[in-house]
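Here the structure is laid out as structure tokens; the discussion comes afterwards.
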Amino acid sequence: MGKIPTLTRFALLVLIFIGYTAATRPTAVSAQSSGITSPASGDVISGQVIVTGTAVHPDFLRYELAFLNQSAGATDWVVFADGVNQVTDGVLAVWDTTAGRDSGAPVFPDGRYQLRLRVVKSDYNYDEYFVTDLTISNEGPTPTPTPDETAVAATGTAVSAPAQGTIEGGALAPATPIPSLTPFPTPTPPATPVPPPNSEPAGNQAADNQGGLAAQLENANTGRIGQAFWSGVKISVGIFALFALYLILRA
């Protein structure tokens, strides 16, 4: 068996290295960028709102949906939904804008809102996407009073026309005056008690926060161990292939 020229050996080694690098290079999950597709900025929403969009990243950990009540002058975002699976052009969450209305303490009063999608990466950095000028309208339009109702409300006392007298002996008899009508007093509706919103004890909130952080760290550690394991397997295969090629070329 003839010896392989040195230049050919070098070319084979370069090709093997390029192939191994391409095989171990991480690929993107999706070329599609993340964001919210529905509802869109400027929409008027009510009831059960299906929030759709995309939440993907090569180093994806989880995503969060949060709202900001602009009408109330709020500055803090409130998270109302999250997910641990990547979503591509699908349902991110179902937003119930009527929550708390039955008890008289709506979580989402009618007004202007912003919506935020946050895609959290495995290193706990994140990307954010916003939908602005959303209007929640669950109360409906205020009924317009009819002309008859307006006239009755505006008139405090009914005024009757003077009665005509009758002729007695060529002279008009004095007219009998008709008493004015006294309007009924408008009843005052009783005040509706508004129960205070339920507040979760501080101890439970701290426990929930610690539990959520522990779950995040567990997910992050599991993903990193898996990545390290497969990287070691790929490197071992590459070294074995180079060693086998070396033995073949040396023979």
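Among the residues of region 51-73 satisfying the criterion of being among the hydrophobic types (A, V, I, L, M, F, W, C) and under 23 Å from ASP123 (Cβ atoms), which is surrounded by the most Cβ atoms within 10 Å (Cβ to Cβ)? First the steps, then the outcome.
Start the filter on region 51-73 by keeping residues that are among the hydrophobic types (A, V, I, L, M, F, W, C), which leaves 51, 55-56, 60-61, 65-68, 72.
Add one more test, that the residue is under 23 Å from ASP123 (Cβ atoms), and what stays is 55-56, 60-61, 65-66.
Working: ALA55: 26, VAL56: 18, PHE60: 20, LEU61: 19, LEU65: 21, ALA66: 17.
Per the stated criteria, the residue is ALA55.
Tally time: how many residues in region 47-79 are under 14 Å from TYR129 (Cα atoms), of a type in the set (Gly, Ala, Ser) and more than 10 Å from the chain's Cα centre (by Cα)?
Selection size over region 47-79: 2.
Looking for something at pLDDT 95 or above and outside any strand (DSSP E or B) - is there at least one such residue anywhere in region 27-40? Explain how you work it out, then say what you get.
To start, the set of residues in region 27-40 that are at pLDDT 95 or above comprises 35-40.
Filter once more, so that each one left must be outside any strand (DSSP E or B): 39-40.
Within region 27-40 (the criterion being at pLDDT 95 or above and outside any strand (DSSP E or B)), the answer is yes, since at least one residue qualifies.
Spot the failing condition for SER103; the list is (1) modelled with pLDDT of 95 or more; (2) not in a strand (DSSP E or B), and only one is missed.
(1)
Only one residue in ALA105, ALA93, ALA74 is within 20 Å of VAL44 (Cα to Cα) and touching a residue at least 40 places away in the same chain (Cβ under 8 Å). Which one?
Details: ALA105 fails: within 20 Å of VAL44 (Cα to Cα); ALA74 fails: touching a residue at least 40 places away in the same chain (Cβ under 8 Å).
Selected residue: ALA93, the only one of ALA105, ALA93, ALA74 that is within 20 Å of VAL44 (Cα to Cα) and touching a residue at least 40 places away in the same chain (Cβ under 8 Å).
The values are calculated or read from the model by the stated rules, or taken from the named source; none is laboratory data. These numbers come from a predicted model, not from an experiment. Positions of Cβ are backbone-derived with ideal geometry, glycine not excepted, and every protein chain shown enters the neighbour counts.
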